[in-house]
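Worksheet: the structure to be examined is printed underneath.
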Amino acid sequence: MKQDWKPGTMIYPLPALLVSCGSTEEEYNIITVAWAGTICTNPAMCYISVRPERYSYPILKRNMEFVINLTTKDMAFATDWCGVRSGKDYNKFEEMKLTPGKAKIVSAPIIEESPLCIECRVKEIISLGSHDMFIADVVNVKADDKYLNTETGKFELSQANPLVYVHGGYFELGPKVGKFGWSVEKNRSQTKRNSEGLL
């Protein structure tokens, strides 16, 4: 039996992301974000939602650029710490021993320890209430080649043990249960067998 709850944000799991921002080393900061996602494939676009009172907010708004850094199980402590501490009081790169690297297009730094760094340029900021949504074009992606399958050319992100956020908790991924399109392949195989049986 289901209960009725008041409206709330219950879409989980979500990626636990480290968003880096700033145009100079003195300004560099990291903010932990779960309210984020893909909004368009072509052109490639994504968004992050940030509370205006966060220390990173004016940095994001001033530079209109940021990097979404995917996180891993090994980065779980740093991911949480960067979310509960303010860049006003700490240099998060130094405190968490994370390495700021040079992005190809944007001025914001990448986090070298991240398996995938998505460089973003803000197109629009929408004030929604508790959060403002930063809608951005993806202008470059930096991928750690140690997760590149040399045989298939596919980037095997699952091998990095991605970190996800579920209603206040951090989790690693479990076993793979399928792949995109596998349900159709199964049906096609069954249909083929049925057709062959009728002949």
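The values are calculated or read from the model by the stated rules, or taken from the named source; none is laboratory data. No experiment lies behind these values; they were computed from the predicted model shown. All Cβ positions, glycine included, derive from the backbone under ideal geometry; neighbour counts span all protein chains shown.
Here are the criteria: (1) modelled with pLDDT under 95; (2) touching a strand residue (DSSP E or B) at 6+ places or on another chain (Cβ under 8 Å); (3) not hydroxyl-bearing (Ser, Thr, Tyr). Tell me which single one Glu151 does not satisfy. With respect to (1) modelled with pLDDT under 95; (2) touching a strand residue (DSSP E or B) at 6+ places or on another chain (Cβ under 8 Å); (3) not hydroxyl-bearing (Ser, Thr, Tyr), Glu151 is out only on (2).
Inside the range 80-114, residues that are polar (S, T, N, Q), surrounded by 15 or more Cβ atoms within 10 Å (Cβ to Cβ) and either farther than 15 Å from Leu70 by Cβ or out of contact with any Asp or Glu (no Cβ under 9 Å at 6 or more places or on another chain) (or both) make up a count of 1.
Of all residues in the range 20-54, those satisfying the criterion of being aliphatic (A, V, I, L, M) and either surrounded by 15 or more Cβ atoms within 10 Å (Cβ to Cβ) or within 22 Å of Trp81 (Cα to Cα) (or both) are Ile30, Ile31, Val33, Ala34, Ala36, Ala44, Met45, Ile48, Val50. Glu27 meets the conditions (1) assigned to a helix (DSSP H, G or I); (2) of a type in the set (Asp, Glu); (3) in contact with a helix residue (DSSP H, G or I) (Cβ under 8 Å, 6 or more places away or on another chain) in every case but one. The failed one is (1). The set of residues in the range 62-89 being more than 13 Å from the chain's Cα centre (by Cα) and among the hydroxyl-bearing types (Ser, Thr, Tyr) consists of Ser86 alone. Going through (1) surrounded by 16 or more Cβ atoms within 10 Å (Cβ to Cβ); (2) closer than 20 Å to Ser127 by Cα one by one, Leu17 falls short only on (2). Within the range 62-79, the set of residues being of a type in the set (D, E, K, R), in contact with a strand residue (DSSP E or B) (Cβ under 7 Å, 6 or more places away or on another chain) and not in a strand (DSSP E or B) comprises just one member, Lys73.
Within the range 126-158, if we keep just the residues that are acidic (Asp, Glu) and either under 17 Å from the mean Cα position of the chain (by Cα) or not in a loop (DSSP other than H, G, I, E, B) (or both), the residue that is surrounded by the most Cβ atoms within 10 Å (Cβ to Cβ) turns out to be Asp132. Residues that are of a type outside the set (Ser, Thr, Tyr), touching a residue at least 24 places away in the same chain (Cβ under 8 Å) and in contact with a Pro (Cβ under 9 Å, 6 or more places away or on another chain): does the range 78-87 have at least one? No, the range 78-87 contains no residue that is of a type outside the set (Ser, Thr, Tyr), touching a residue at least 24 places away in the same chain (Cβ under 8 Å) and in contact with a Pro (Cβ under 9 Å, 6 or more places away or on another chain). For the range 169-191, the criterion of being aliphatic (A, V, I, L, M), more than 30 Å from Pro58 (Cβ to Cβ) and either in contact with a His (Cβ under 7 Å, 6 or more places away or on another chain) or not in a helix (DSSP H, G or I) (or both) is met by at least one residue. Taken across the range 32-55, residues that are among the aliphatic types (A, V, I, L, M), touching a strand residue (DSSP E or B) at 6+ places or on another chain (Cβ under 6 Å), within 20 Å of Phe171 (Cα to Cα) and part of a loop (DSSP other than H, G, I, E, B) do occur, with at least one present.
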